[in-house]
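Everything on this sheet refers to the single structure shown next.
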Amino acid sequence: MHKAAVQNLDRPQDDEFLADVLYGLSQTQKQLPPKYFYDQKGSEYFDEICELSEYYPYRTELTMLRDVARDLGNHFAGLAPQGLEIVEFGAGSLRKVGALLTSLGNVRSFTAIDISEEHLINSCRLLESQYRELSIHPCVHDFTKPLTIHTSDRTRLGFFPGSTIGNFNPGEASEFLHNAGATLGTNSYLLIGVDTKKPEPILRQAYNDNKGITAKFNKNVLERINRELDGNFNPIHFAHHAFYNEPEGRIEMHLRSLKEQTIKIAGHNFEFHRGESIHTENSYKYSPDEFTSLAQESGWSKQHLWLDSDELFAVYLLQYVH
Ligand code: TRP
């Protein structure tokens, strides 16, 4: 992959990171945007999370994708005469799209959008060595923002796996779906993985693994602030705290201060009481009915729904009919 082939649309600048951190830590409930988890180190931790026995979403979805890909092959057989173009949002390590590329056969072009440049380029290089005929377009972009990509006559299939949609609140999720529709165009498709509602212990354990990898992933955002914004967090003075908020239908991740302390970031002071937390992420869980309505309100109609036999995870094929 040539460096020049990488579209770098709006890589978050240090000043945006700093502004977001200063703003978030000045709120009554301190908070940080989850997108800052994913520097090179955070992306590596995330890959480790996906291997954990407690973290059912990754392996469940990956297993489902084989069946999904076969069904999609049939679905698109007569529908995409020019071949397909896949656009993956938040592409990460690209370990899921392979199932589609292999089974769909007629995918001509693949655009991988991710915020973490180094990780994205390495992943695209690997994919390139496996699918030599495919034209691959890495695109460094914050997919929480609208995006314009090059157009072709091909049928477009967006791909948004991993229940990343759950990391938005429902309003933001709807906005994302609208933007994705505008990006991909009328009649395009979106294949999206969404975590389902299920008994609380299964949910809680998925975000509280025994090896403490999720805790390291969560705390990495503090170390990133230290590295990039001249902060002085000591991660051992914060504890990972993740729980299911039933009324909101979401897992919440926090970092809880273990003592009273003052943190300095780029010359600004932030006071923490003992027990006070920074809210670092939400992961919303949707029943099929809830998600189908959310998609519908955002211009997408449900074409198909796949659930695994334990109903741990859902994959939807949507079409933009706006
Ligand atoms: N979107 C997935 C989820 O919410 C993956 C994810 C994002 C995640 N941040 C995480 C998983 C933190 C574990 C911990 O499950």
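Listed by first and then second residue, the pairs linking a residue in the stretch 249-273 that is open to solvent by 10 Å² or more (accessible area, probe 1.4 Å) to a residue that is within 16 Å of the ligand (Cβ to nearest atom) and not in a strand (DSSP E or B), with Cβ atoms under 8 Å apart and 6 or more places separating them unless they lie on different chains, are Arg250/Gly166; Arg250/Lys285. Evaluate the following for Thr214: is it outside the structural domain of Gln40 (by TED's automatic domain parsing) and of a type in the set (S, T, N, Q)? For Thr214, the condition - outside the structural domain of Gln40 (by TED's automatic domain parsing) and of a type in the set (S, T, N, Q) - is not met. Filter the stretch 79-118 down to residues that are assigned to a helix (DSSP H, G or I) and either out of contact with any Gly (no Cβ under 7 Å at 6 or more places or on another chain) or open to solvent by less than 10 Å² (accessible area, probe 1.4 Å) (or both), then give me how many there are. Count: 8.
Among the conditions (1) more than 15 Å from the ligand (Cβ to nearest atom); (2) not in a loop (DSSP other than H, G, I, E, B), Arg274 misses just one, which is (2). Among residues of the stretch 136-152 that are under 20 Å from Ile165 (Cα atoms) and in the same structural domain as Asn122 (by TED's automatic domain parsing), those with a beta-carbon under 8 Å from a residue that is aromatic (Phe, Trp, Tyr) and assigned to a loop (DSSP other than H, G, I, E, B) at least six positions away or on a different chain give the pairs Thr144/Phe168. For His75, the conditions (1) open to solvent by 20 Å² or more (accessible area, probe 1.4 Å); (2) touching a helix residue (DSSP H, G or I) at 6+ places or on another chain (Cβ under 6 Å); (3) more than 15 Å from the ligand (Cβ to nearest atom) are fulfilled apart from (2). With (1) hydrophobic (A, V, I, L, M, F, W, C); (2) open to solvent by 30 Å² or more (accessible area, probe 1.4 Å); (3) more than 22 Å from the chain's Cα centre (by Cα) as the list, and Leu307 as the residue in question, which single condition is left unmet? Every condition holds for Leu307 apart from (3). With respect to (1) under 30 Å from Leu79 (Cα atoms); (2) away from the ligand (no atom under 16 Å from the Cβ); (3) out of contact with any strand residue (DSSP E or B) (no Cβ under 8 Å at 6 or more places or on another chain), the lone exception for His268 is condition (1).
Could you give every pair whose Cβ atoms fall below 7 Å, whose first residue belongs to the stretch 286-309 and is closer than 16 Å to Thr186 by Cβ, and whose second residue is of a type in the set (D, E, K, R), counting only separations of at least 6 or pairs across chains? What qualifies is Ala295/Lys302.
Yes/no matrix, rows are residues, columns are (1) in a loop (DSSP other than H, G, I, E, B); (2) buried (at least 19 other Cβ atoms within 10 Å of the Cβ); (3) modelled with pLDDT under 95:
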position: Thr151; (1), (2), (3): yes, no, yes
position: Leu177; (1), (2), (3): no, yes, no
position: Asn187; (1), (2), (3): yes, no, yes
position: Ile192; (1), (2), (3): no, yes, no
position: Lys198; (1), (2), (3): yes, no, no
position: Leu203; (1), (2), (3): no, yes, no
position: Asn208; (1), (2), (3): yes, no, no
position: Ala215; (1), (2), (3): no, yes, no
position: Val221; (1), (2), (3): no, yes, no
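Of all positions in the stretch 60-68, none carries a residue that is open to solvent by 20 Å² or more (accessible area, probe 1.4 Å), within 13 Å of the ligand (Cβ to nearest atom), among the basic types (Lys, Arg) and at pLDDT below 95.
The values are calculated or read from the model by the stated rules, or taken from the named source; none is laboratory data. Remember, predicted model here, so these are calculated numbers, not experimental data. Every residue, glycine as well, gets a Cβ built from its backbone with ideal geometry; the counts of neighbours run over all protein chains shown. Keep in mind that these areas ignore ligands, DNA and RNA; they rest on the heavy atoms of the full protein, side chains included. Shrake-Rupley method; radii C 1.70, N 1.55, O 1.52, S 1.80 Å.
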